[in-house]
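Throughout, read-outs are computed from the coordinates displayed, never taken from laboratory work. Since the structure is predicted, the reported quantities are computational estimates derived from the model, not experimental observations. Cβ: placed from backbone, ideal geometry, glycine included. Neighbour counts: every protein chain shown.
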Amino acid sequence: MDMTFSDEQEELRGVVRAFLRDVSPEEEVRRLMETPSGYDAAVWTKMSDQLGLQGLAVPEDLGGAGAGALEVGIVAEEMGRALFGAPFLSTCVLATRAILAADDPGCSRELLPGIACGVTVATVAFSEPGRPWDAPAELTRVRRSDGRWLLDGAKDLVLDGAHADLILVTARGDEGVGLYAVSGDAAGLTRTPSRALDPTRKLARLEFAGTPAHPVGPADAATRVLSRALDHASAVLAAESVGVAQHLLEMVVVHVKDRVQFGRPIGAFQAVQHACAHMYVEVESARAAAHHALWSAAADSPELPLAASLAKSCCTDAAMRVATEAIQLFGGIGVTWEHPAHLYFRRAKSSQLLFGDSDHHRDSLVRRLDAQLTGA
C-alpha cells in the first residue's frame, strides 16, 4: 500500500487550508456556535461553488468529483485544524456513504445530485435513546398504510438533525431493519436540538409520528449499509481529530516560545520540552493510524472495519491527550472562555464519544479479529 499523497492531493490540502483560513477564524467560530445551525449557509454555498467539496465522494455521473476517502479525509483534517462548523461529516460522509452503500440506483439519482451541488444538507438517524451506537433499530418502526411508508419512534444524537433537509432513518419493519428517507419538513416529524459538550457540533433528537418516508435500498439492508457508512465516517473523524491535535500542538509551540518565566521562555525548561515531544509523538502516531484507515477505505479493502475502529480509538484518544496537555501548558488562561484551547478540547472529547467511544471500538476490533482468526 502506497501511503503517500499525490501532488494533486497536497494541492487540495493547500487550497482547503487557505479557504478555511479566510472563512473560519476564531471569532467566526465563536459567532456561529451560538447560532441554531452552527454554520453559515452562504459559506456552505461558497464552498460548493468554488471548491466542490460537498461532491467529493459523489460519482461524476451524479454531479460529483468521484474522489475517494483520501481526499475526503484531507478535507476533514483541515476542517479539524480550523474547527470549521459545517454539516460536512453528516452530509458528505455519513449520508453520502449510506446512499452509495444502499446500492439503489434510483435513490442515488434522486438524492446525491442535491448533496453534490451543496443544496441538500443530509444526515443519518440511527442511534436510539438508551441504546448502544451500533444497536439495530428496535424503537423506531416502519409500517405500510394506504400505499405509504410511515415511521413511528425516536432517534437521538443525530448529527445536524435539527436543520437537515434530508434524513436517512433506520427503522424496523416486517422484513427487517431498513433505511428510509425522510424530508426535513415532513409531517409528524419533531426535531429538538440537544445540548452538547461541543457547541461547534450540533446534535438533535428526532421523533416520528406517522411520518411519511420512502425506502432506500432493500427493506432488510440497513445493518450492512450503516456498518459501511460508519466505517467510512470513523476513518474521516479520525482524520479530523488529527487536525485538531496538530493545531493544538502548533499553538503550544508558539506559546512556549513566547511565554517567559524566570527570565527564560518556558520552552527552555526540560519538562516543557518533554511534554511537547510527547504531544508530537501522539500527533504523528494518530496521523499514521488515520491515513491507514483512509487508504483502506479508498482501496475498498476488507481491512477497513479493523482499520476504522483502530483509527477511531487511537486518533480521538490522542487528540484528547494532546488537548489535555495543551491546557496544562497554557496554564490558567487555557481554561478560560476567552482562550480557544477549550473549544478544541470540547471538539476532541465529543469526537471521542461520537459513533461509539474508544472502549466500544476496541471491543469491536477484538470481535472482528477473533472472527477472522476463527473463520466465524
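Only bridges with both residues in the stretch 134-243 count here: give the DSSP antiparallel percent, nearest 5. If we restrict to bridges inside the stretch 134-243, about 95 percent are antiparallel.
Taking θ as phi - 60° and the Karplus parameters 6.51, -1.76 and 1.60, the scalar couplings of the stretch 35-41 work out to 8, x, 8, x, 8, 9, 4 Hz in sequence order, x denoting glycine and proline. A DSSP coil position with no more than 10 other Cβ atoms inside 10 Å describes the following chymotrypsin sites (Phe, Trp or Tyr not before Pro) in the stretch 229-319: F262. Rounded if a/c is under 1.5, else prolate if a/b beats b/c, else oblate: with a ≥ b ≥ c from the C-alpha gyration tensor eigenvalues square-rooted, which is the stretch 250-376? Since a/c reaches 1.5 and a/b is larger than b/c, the shape of the stretch 250-376 is classed as prolate. Peptide packing for 339-349, 242-252 was compared via the average number of neighbouring C-beta atoms within 10 Å per residue; ordered from the highest value, the list is 242-252, 339-349. A DSSP coil position with no more than 10 other Cβ atoms inside 10 Å describes the following GluC sites (Glu not before Pro) in the stretch 281-376: E338.
Applying both filters, DSSP loop and at most 10 other Cβ atoms within 10 Å, to the trypsin sites (Lys or Arg not before Pro) of the stretch 123-221 gives R195.
What shape does the stretch 105-242 have by the C-alpha gyration tensor, where a ≥ b ≥ c are the square roots of the eigenvalues, rounded means a/c under 1.5, and otherwise prolate means a/b greater than b/c and oblate the rest? It comes out rounded by the Cα gyration axes.
The stretch 28-68 and the stretch 141-181 have their alpha-carbon centroids 25 Å apart.
Using the rule -39500 (n - 2.57) for each DSSP H run of four or more residues, divided by the residues of the chain, the 222 nm mean residue ellipticity is -17000 deg cm²/dmol. Rounded, prolate or oblate: which fits the stretch 111-191, taking a ≥ b ≥ c as square roots of the Cα gyration tensor eigenvalues, rounded meaning a/c under 1.5, else prolate when a/b beats b/c? Here the stretch 111-191 falls in the oblate category. 3J(HN,Hα) couplings calculated from phi for the stretch 237-251 with the Karplus curve 6.51 cos²θ - 1.76 cosθ + 1.60 (θ = phi - 60°) are, in sequence order, 5, 4, 5, 4, 5, 4, x, 4, 5, 4, 5, 4, 4, 5, 4 Hz; Gly and Pro show x.
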